[in-house]
DNA sequence: TCTGACCCTGTAGTAAACTACAGGGCAGGA
DNA sequence: TCCTGCCCTGTAGTTTACTACAGGGTCAGA
């Protein structure tokens, strides 16, 4: 009984497209705030949690680690606190995103070029993708 | 002595820009063929191994997993085989990269907007990053 | 009331890709 | 000769992000 407000963990999990265990894991990891419980101990999630989980899923698909995402989430979570650190954090994330985009664009260019060059129906000996990967065109270092 | 035959593991590692332990790890994982040994058991790598390690490093930098790379390497080993799978692998990576770039650009826009428009004391409900990213997308799926 | 799906906690296992010893052997210069 | 630095094997630990039980309680429909 009581307020039938909110979703069960299974419901939010389904809506967010992740597993129930994963939802609990995110809670343990501080990505999802512990929701209110029913008298019998069941979690009851507000609709906001579904959005938060979707956010996590999307951010993960973009290559952010859970630690990154935790930080991103604080951008909306700190209401009255000083705006300066929040703003700084946002700036830092923004820079990180721009760097990520730049790195991916570089990869895209290289790979795209290679795919264009390789006809696809030739023997591997004539496929420049493999040659290109073998070339030592630069020095050690990277992500 | 005309040591001319090959590099030590430390030498290949340095040349490839990776650690000695990583080289042995790649050998265990079947990415690098076991090199000949000296009488005392030291590995002696041919120059080809350096190129192979460079191949691995480059492919990794482009987002290929070690499993992908193992496949690429076996494909490369058969010069008469069709390059179709190679191309497909590269194409798949490319598609992934393009999608990531698109999503990151969206995120960049949202975050940039947030930094510009949220002076800090605005209620968090008015900071739309979470909503915007929560909608960014599609159905549940993959990684 | 019963049944089966769902929820709880807590612990442990998995996968990828390393990374770090421990305990010993060799090589080459002072 | 000795010392230092590199090499060997084998095992175990690390990080990230889950995923899988075990053992038990709860809820809603037939």
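The values are calculated or read from the model by the stated rules, or taken from the named source; none is laboratory data. Computed from a predicted structure; not experimentally measured. All Cβ positions, glycine included, derive from the backbone under ideal geometry; neighbour counts span all protein chains shown.
Quick check on this structure: which one of B:37, B:43 is modelled with pLDDT of 90 or more and surrounded by fewer than 13 Cβ atoms within 10 Å (Cβ to Cβ)?
B:37
Of all residues in the range B:20-31, which are without any contact (Cβ under 8 Å) to a residue 24 or more places away in the chain and more than 10 Å from DNA strand D (Cβ to nearest atom)? Walk me through how you get there before you give the answer.
Step one: of the range B:20-31, the residues without any contact (Cβ under 8 Å) to a residue 24 or more places away in the chain are B:20-22, B:24-25, B:27-28.
Of everything in the range B:20-31, just one residue is without any contact (Cβ under 8 Å) to a residue 24 or more places away in the chain and more than 10 Å from DNA strand D (Cβ to nearest atom), namely B:22.
What is the residue count in the range A:28-63 for residues that are out of contact with any helix residue (DSSP H, G or I) (no Cβ under 7 Å at 6 or more places or on another chain) and assigned to a loop (DSSP other than H, G, I, E, B)?
9
Read through the list (1) touching a helix residue (DSSP H, G or I) at 6+ places or on another chain (Cβ under 8 Å); (2) within 16 Å of DNA strand C (Cβ to nearest atom); (3) assigned to a helix (DSSP H, G or I); (4) modelled with pLDDT of 80 or more, then give the number of the only condition that residue A:107 fails.
Condition (4) is where residue A:107 drops out.
All but one of (1) outside any helix (DSSP H, G or I); (2) more than 14 Å from every other protein chain (Cβ to nearest Cβ) hold for residue B:25; which doesn't?
(1)
Within the range A:18-54, how many residues turn out to be closer than 19 Å to residue A:72 by Cβ and more than 9 Å from DNA strand C (Cβ to nearest atom)?
15
Residues in the range A:1-15 that are within 14 Å of another protein chain (Cβ to nearest Cβ), at pLDDT below 95 and within 11 Å of DNA strand D (Cβ to nearest atom): how many?
Residues flagged as within 14 Å of another protein chain (Cβ to nearest Cβ), at pLDDT below 95 and within 11 Å of DNA strand D (Cβ to nearest atom) within the range A:1-15 amount to 0.
Exactly one of (1) surrounded by 15 or more Cβ atoms within 10 Å (Cβ to Cβ); (2) at pLDDT 85 or above is unmet by residue A:73. Its number?
Every condition holds for residue A:73 apart from (2).
Against the conditions (1) more than 12 Å from DNA strand D (Cβ to nearest atom); (2) more than 14 Å from every other protein chain (Cβ to nearest Cβ), where does residue B:48 fall short? Just the number, please.
Exception for residue B:48: condition (2).
If I ask for residues that are touching a strand residue (DSSP E or B) at 6+ places or on another chain (Cβ under 9 Å) and within 11 Å of DNA strand D (Cβ to nearest atom), which ones from the range B:32-45 would you list?
B:34, B:35, B:36, B:37, B:43, B:44, B:45
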